[in-house]
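Contents: one structure, followed by commentary.
The values are calculated or read from the model by the stated rules, or taken from the named source; none is laboratory data. If you're wondering where the values come from, they're calculated on a predicted model, not measured in any experiment. Neighbour counts are summed over all protein chains in view; Cβ atoms, including those assigned to glycine, are modelled from backbone coordinates with ideal geometry. Only protein heavy atoms, including side chains, enter the accessible area calculation; ligands, DNA and RNA are left aside. Shrake-Rupley method; radii C 1.70, N 1.55, O 1.52, S 1.80 Å.
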Amino acid sequence: MLEIKDLHASVDGTPILKGISLTIGDGEIHAIMGPNGSGKSTLSNVLAGRENYMITKGSIIYKGKDLTELSIEERASAGIFLAFQYPTEIPGVTTMTFLKTAVNAQRKARGEDELDAVKFLKLVREKAKELKVEEDMLKRPLNVGFSGGEKKRAETLQMSLLQPSLAVLDETDSGLDIDALKIVADGVNRMRAPDRSMIVITHYQRLLDYIVPDHVHVLAKGKIIRSGGKALAAELEASGYTDLTESAA
Amino acid sequence: MSDQALTYLDANSVATEGPAWLDVRRKAAHASFADAGFPHRRVEAWRYTDLSRLMAKTDWHPAAPHDGAVLVPEGRSNPFSSIASHKLVFVNGFFRQDLSELDGLPEGVEILPLETALERGTKFESAFDANGPEAMAPIAALNTACARDGAVIRLNEGITLEQPVQLIHYTPDGGATVAHTRNVIELGSGASMTLLEAQIGWGGAYLVDRVTNLNLGERASLTHVRLEDEDTDAVHLSTVLGDVASNASYKANTLALGGRAGRLQSALHFTGEGAHAESNTAYLLRETQHLDSTIVVDHAVPGCTSGALAKGVLDDEAIGVFQGKVIVAPHAQKSDAKQMSNALLLSRDAAMNAKPELEIYADDVQCAHGSTIGELDGDALFYLRSRGIEEQTARQMLISAFLGDVLEQISHEVARDALTERATQWFEVKKEGEV
């Protein structure tokens, strides 16, 4: 699915990622953990193609193709989805209008027929119900005045409508209480599939109790300093990041 | 005395051979404008829009009547054409009976060209005496001296006009021509109507100057929806001078797209308590277009509310101007006035000038004004694109959302959709141009 080799990246001229290599197979869930400032969010933004994030060295191959040659929207239509840590508020654009535009833009880019209003509404209602997203929320401007839980449920709703091949969940647990976390995690787990991979970025082990990863990587100072199975997350929870990051330095 | 003004008046003023009451006013206006001249940048209220310079070095002369078919370019047609209405159509400033629809007017309703009303002996003394505040008086004088026709709309007390009234001005011909028109709109107590106005031109270099005198009686209500879509070589002036009586309401929403340079100015004056007036403008400019949106609201009596919102999208080297002034008289307690200008700059070479002014002499009032100038939100753009929405579409969504505060407020649904559609076309032109 995804092969990252010796990736170096800078944000506004400051080097943040300093040689990341990571291979993610079809259907796998990889957790990336690490302290604040380790480069976790930079990695997710680089994958999504954000413009001020410059790749200075290395490669990202997605489904056999060079991902870095694709624009932001081409990556999305090719199946990459970034669930934002802080979803952007967009006044004046209702959630429903946005969802329909996004779904149909991707369908069009892939050469599929666009969904008509009736089919789309049916699809949204079905998915919204699973995620306990109220109809009223869909009529409101996108993310504007949404609570932390509502924002993350809206992100998960987008993911379930867009059906990505590679989902990158950036600190999806931040700002969520345990009930909201369960709803979101259930939504994510429903989407696990042999042809869908996920990168779950988190500071805390808590999320990984609900979204159980196949592999865990520890990111510190722009490098992966340790990789292992799901037990690594529990180990980190007990010992903290300090020991690891110090030994890396 | 201004030579520029004299030359202009010699070529374009109307011969004083009308009714005596009007001749007196035309002569006075002629003298007043000859003295003041075209406002220029050293006049504070015109510092951002130098009309004298815009009018210079051109041999301006009156437009000629345009008979026969009016071939409106594709995409520029009357946006309100599908709405059943009473309709007055002017071409090059001349009334066109054959294009207008004035049959079946209900009793108590008068809708006709000014020229006809004058022939019938109707007097409009107070309308022609209302020159507005200092910022607008020179234009009112110019218009009085030069306007030969326009629209008259009068509703008797208590009349609710079911169908909107359309006032459509086409300017198909140019070549340094000018058309001055004067509209008089009077609503008796408790009367209400919707006015749909479109000013569409493609004749090249011309000047259109329209002055509309509004007089709203007690509890009267006027909804005014406007499209300003002049040729990109044209200069346009549109002035609304309104008196709003107690508990009356005036709501204007304008979409402005055209013109080389234009000034949309409104002076709204409250004459009775509990009145409401608002004027909201959305404008989309590109290349070197210039648009000035100026409003003066005079809270002369207590307990009135007013609002002015200008939302501008400026691309290339376009220039936007917002001047908002609120005056609250010493005894006008419980006045509530809001003025806001928001500009979205799509290019580093575009410019916006915003000048809010408050003159408040009462102490128990709520007055707020603000101005923002910004670019498209990069985070929002990234967010939309990260969901597969193409950059151009994403930009368009954000700009439409920005304009929504003005366009979505239009209460007439079909008119709202029509102007929203017209704003959307503006982006599409851009797309084609960018290839």
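Please report, in cubic angstrom per residue, the volume enclosed by the convex hull of the alpha-carbon atoms of the protein assembly as shown.
Dividing the Cα hull volume of the protein assembly as shown by its residues yields 189 Å³.
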(request) Extending each Cα 7 Å along its Cβ direction at B:Glu44 and A:Lys129, get the distance between those two points in nm, one decimal. (result) 6.6 nm
(request) Provide the FRET efficiency to the nearest 0.05 for the B:Thr122-B:Thr424 pair, computing r from the beta carbons and using R0 = 35 Å. (result) 0.25
(message) Just the number: Rg to Rh for chain A, Cα atoms, Kirkwood Rh, two decimals.
(response) 0.96
(request) Report, for segment B:3-381, the % of DSSP beta bridges that are antiparallel, rounded to 5. (result) 5 percent
(request) Mind jotting down the distance between the C-alpha centroids of segment B:204-256 and segment B:310-340, whole Å? (result) 16 Å
(request) At most 11 other Cβ atoms within 10 Å plus a DSSP loop assignment makes a site exposed; report the longest stretch of chain B without any exposed trypsin sites (Lys or Arg not before Pro). (result) B:121-347
(request) With a cut-off of at most 13 other beta carbons within 10 Å, and DSSP calling the residue loop, which GluC sites (Glu not before Pro) in segment A:1-54 qualify? Please list them. (result) A:Glu51
(message) Just to compare against my own numbers: the Cα pair-distance distribution for chain B, 20 Å bins, whole % per bin, please.
(response) 26, 60, 13, 0
(message) Using only the heavy atoms of the protein chains and a 1.4 Å probe, how would B:Tyr48, B:Tyr170 rank by accessible area, largest first?
(response) B:Tyr48, B:Tyr170
(message) Please report the net charge: other residues with Cβ closer than 13 Å to the Cβ of B:Ala64, K and R +1, D and E -1.
(response) -1
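Say R0 is 35 Å: what FRET efficiency, to the nearest 0.05, do B:Lys334 and B:Val24 get from their beta-carbon distance?
Once rounded, the FRET efficiency stands at 0.30.
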(message) Counting only other chains, and only Cβ atoms inside 10 Å, what mean value do you get across the residues of A:141-152?
(response) 1
(message) Rounded to whole Å, give me the distance from the Cα center of segment B:113-192 to that of segment B:30-108.
(response) 11 Å
(request) Using a Förster distance of 22 angstrom, determine the FRET efficiency expected from the C-beta separation of B:Glu391 and A:Tyr86, and round it to 0.05. (result) 0.55
(request) Could I get the Rg over Rh figure for segment B:149-301? Both from C-alpha atoms, Rh via Kirkwood, rounded to two places. (result) 1.00
(message) Let me check I've understood the local charge: for B:Thr49, count other residues with C-beta under 10 angstrom from its C-beta, Lys and Arg +1, Asp and Glu -1. What total comes out?
(response) +2
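How many times 2.2 N^0.38 Å is the alpha carbon radius of gyration of segment B:55-175?
Values: Rg = 16.4 Å, N = 121, 2.2 N^0.38 = 13.6 Å.
For segment B:55-175, the normalised Cα radius of gyration is 1.21.
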(message) I'd like the distance between the alpha-carbon centres of segment B:357-406 and segment A:76-150, rounded to an integer number of Å.
(response) 22 Å
(request) Could you tell me what fraction of 2.2 N^0.38 Å the Cα radius of gyration of segment B:1-86 comes to, as a two-decimal ratio? (result) 1.52
(request) Show which aspartates and glutamates lie in cross-link reach of A:Lys57 when reach means a straight Cα distance below 18 angstrom and same-chain residues fewer than eight apart are skipped. (result) A:Glu3, A:Asp6, A:Asp12, A:Asp66, A:Glu69
(message) Restricting to lysines 8 or more places apart or on different chains, can you count the pairs in chain B with Cα atoms under 29 Å from each other?
(response) 22
(request) May I ask what percent, to the nearest 5, of DSSP beta bridges between residues of chain A are antiparallel? (result) 60 percent
(message) Could you compute the net charge surrounding A:Arg196? Neighbours are other residues with a C-beta less than 10 Å from the C-beta of A:Arg196; K and R count +1, D and E count -1.
(response) -2
